[in-house]
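Notes follow once the structure below has been shown.
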Amino acid sequence: MPYTPIEIDRQNLTIMGVNFSSVSNFDATVNALGTVMFEGFDPTPKSIEIIRDYLSEKITLGELIQLTKEKAYVKA
């Protein structure tokens with residue numbers, strides 16, 4: 001699968017239209033995405049929301065695992 005760039009707006013702290021309130025969580029997500037996209041991960045806005053919510057402690061590790069098992073990250 002070829003690499004497809006995603007929309008990253010550093011000024012407004014958004015990735016694929018998903019807002020981040022923390023520069024550190026934004027940067028961590030951008031860095032992680034850069035790595036896993038080259039391994040074949042195709043992010044969706046929903047997957048970005050899930051990552052953001054986990055990093056900002058809005059969801060627990062258990063909830064993250066459950067969402068992953070349910071493949072909730074592929075839903076719009």
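None of the figures in this text is laboratory data; all of them are computed from the coordinates on show. All of these numbers come straight from a predicted model, not from anything done at the bench. When we count neighbours, we look across all protein chains shown, and the Cβ atoms used for this are built from the backbone with ideal geometry, even at glycine.
Among all residue pairs at least 6 apart or on different chains, which show Cβ distances below 9 Å where the first residue, located in the range 57-76, is polar (S, T, N, Q) and the second is in a helix (DSSP H, G or I)?
T60/Y54; Q66/A72; T68/I50
Which residues, taken from the range 37-76, are closer than 15 Å to G17 by Cβ, among the aliphatic types (A, V, I, L, M) and assigned to a helix (DSSP H, G or I)?
Those that are closer than 15 Å to G17 by Cβ, among the aliphatic types (A, V, I, L, M) and assigned to a helix (DSSP H, G or I): I48, I50, I51.
Kindly list, by first and then second residue, each pair from a residue in the range 7-29 that is assigned to a loop (DSSP other than H, G, I, E, B) to a residue that is surrounded by 11 or more Cβ atoms within 10 Å (Cβ to Cβ) and of a type in the set (F, W, Y), limited to pairs with Cβ atoms under 8 Å and residues at least 6 apart or on different chains.
Once the first residue is assigned to a loop (DSSP other than H, G, I, E, B) and sits in the range 7-29, its partners that are surrounded by 11 or more Cβ atoms within 10 Å (Cβ to Cβ) and of a type in the set (F, W, Y) give R10/F26; L13/F20; L13/F26; F20/F26.
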